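The values are calculated or read from the model by the stated rules, or taken from the named source; none is laboratory data. Computed from a predicted model, the values in this text were never measured in an experiment. Note that we place each Cβ from the backbone using ideal geometry, even for glycine, and neighbour counts take in every protein chain shown.
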Ligand code: SAH
Ligand code: SF4
Ligand code: F3S
């Protein structure tokens, strides 16, 4: 009988994309996707460990799977990803029912490890400490054919004091330029209209490949020129490495979307220095202003951490000020979570009390939602180009799609929802902090052309 798998993904886009590869590998191995863990022969958890609640989620989910496995002893449980890389043998020590554990550097080995576990009847664990080269292309199962993640870089060479990513994803390795462009050409040939370039610090793309800089700006232009690609997105750029050339490429390459996710982390120079972020609040705001001046109708989103060790009321006030000045379209706000092995986790004597952090978090949410709402309200009345994703989760007669600024828009349609990947013109009629409402003006095949705006000096 054909074996069925379920993959549960935690964490960031890198993991989402790794899960597409894992699905591709399992399918190449003859398996098919199951809808539910109850009728799966394999449940694979692709884990994250960026914050402590990510750890808790894994162990909570494993608790549930163990009870499913008790009813269905033939089921295999596998754990991969960043938390597996960090916790290694601890996972099987805590949950002996786990059949296979693999890390971030050997995703391609998952199917073999599972076969080995089944053949020997014993649990297997394989964690490698690093990759010597960019992993070769693996089969990929994509949920949505019109949009695709494209890895341009793995690992991270920065040392932000709060962050565990460098220790679980290894050193920074850029994928060869031609290989990236080649993958995008292949995707476009198969009908993909939107790509998102992935890396922990995309602005430093290529610094291990060539001394010729800046390669990321060139890559954006090259990918944007691939026939059939209408939207290019990328995540994440590091503010310290955001170069004028990248801003120019965003402004000039018609396919590159008007959206910049620029993680601030803190608005206090003291905190930014303690975090080793490599920029000041003023420098951040200067670069943001340059990007806004050059790129017409730019949406800006960010990540902010509240309660980094030693954060005073005054430091936090700076964060509120910078967040208000940056006028974000949306922000992912996080409560600082100590990660074992990171520099900040050692600063125990400077941890901020939980109730102080909670109060700051609420205040920051108010500031961020205020600007999000204002920026969304300003869009009312405009006609936006939307790529349809499918029916809205709440109302099957309402379509959901994304604008070039990556905003979610819900709009009612008469009859069938347009196919995922269709382009529509939608007039914005209403707004909330996290989405827009609209009405369909018409389906379109019209490519969008940007006017060229001269680059401001950064
Ligand atoms: N490479 C990206 C960040 C990846 S992690 C960058 O530098 O922009 C995504 C976000 O998680 C970070 O931007 C940060 O805001 C948050 N984060 C990382 N470690 C954290 C921790 N220990 N506690 C709370 N939030 C954290
Ligand atoms: Fe973590 Fe900093 Fe690297 Fe981002 S740039 S992954 S926050 S160490
Ligand atoms: Fe999490 Fe790993 Fe991404 S720790 S945020 S899944 S790189």
Discussion item. Could you check the range 135-156 and list, in sequence order, the residues that are in the same structural domain as residue 190 (by TED's automatic domain parsing) and under 19 Å from residue 200 (Cα atoms)?
Written reply: 148, 149, 150, 151, 152, 153, 154, 155, 156
Fill in: Output for the range 152-178, where each listed residue is more than 10 Å from ligand 1 (Cβ to nearest atom), in contact (Cβ under 8 Å) with a residue 40 or more places away in the chain, closer than 17 Å to residue 263 by Cβ and more than 16 Å from the chain's Cα centre (by Cα)
157, 159
Worksheet item: Given the conditions (1) buried (at least 17 other Cβ atoms within 10 Å of the Cβ); (2) farther than 20 Å from residue 135 by Cα, and given that residue 47 satisfies all but one, which numbered condition is not satisfied?
Response: (2)
Item to complete: Mind listing whichever residues of the range 193-212 are part of a loop (DSSP other than H, G, I, E, B) and either over 23 Å from residue 169 (Cβ atoms) or in the same structural domain as residue 421 (by TED's automatic domain parsing) (or both)?
Response: 193, 211, 212
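So, restricting to strands (runs of 3 or more DSSP E) that lie completely within the range 98-192, which ones have at least 1 residues that are under 29 Å from residue 390 (Cβ atoms) and within 16 Å of ligand 3 (Cβ to nearest atom)?
Per the criteria, 147-151.
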Worksheet item: Of the conditions (1) surrounded by fewer than 23 Cβ atoms within 10 Å (Cβ to Cβ); (2) touching a helix residue (DSSP H, G or I) at 6+ places or on another chain (Cβ under 6 Å), residue 237 fails just one. Which one is it?
Response: (1)
Worksheet item: List the pairs whose first member sits in the range 399-419 and is part of a loop (DSSP other than H, G, I, E, B), whose second member is surrounded by 20 or more Cβ atoms within 10 Å (Cβ to Cβ), and whose Cβ atoms are under 6 Å apart, counting only residues at least 6 apart or on separate chains?
Response: 404/257; 405/259; 405/299; 406/259; 407/436; 413/399; 417/399; 418/388
Discussion item. Can you list residue pairs whose Cβ atoms sit under 9 Å apart, with the first residue in the range 353-365 being in contact (Cβ under 8 Å) with a residue 12 or more places away in the chain and the second being exposed (fewer than 13 other Cβ atoms within 10 Å of the Cβ) and in a helix (DSSP H, G or I)? Count only pairs 6 or more apart in sequence or on different chains.
Written reply: 356/313; 360/313
Worksheet item: Restricting attention to the range 346-396, and to residues there that are under 19 Å from residue 265 (Cβ atoms) and touching a strand residue (DSSP E or B) at 6+ places or on another chain (Cβ under 7 Å), which single residue is surrounded by the fewest Cβ atoms within 10 Å (Cβ to Cβ)?
Response: 365
Practice prompt. Only one of these is over 22 Å from the mean Cα position of the chain (by Cα), crowded, with 22+ Cβ neighbours inside 10 Å and without any contact (Cβ under 8 Å) to a residue 40 or more places away in the chain: 78, 70, 34, 93. Name it.
Written response: 78
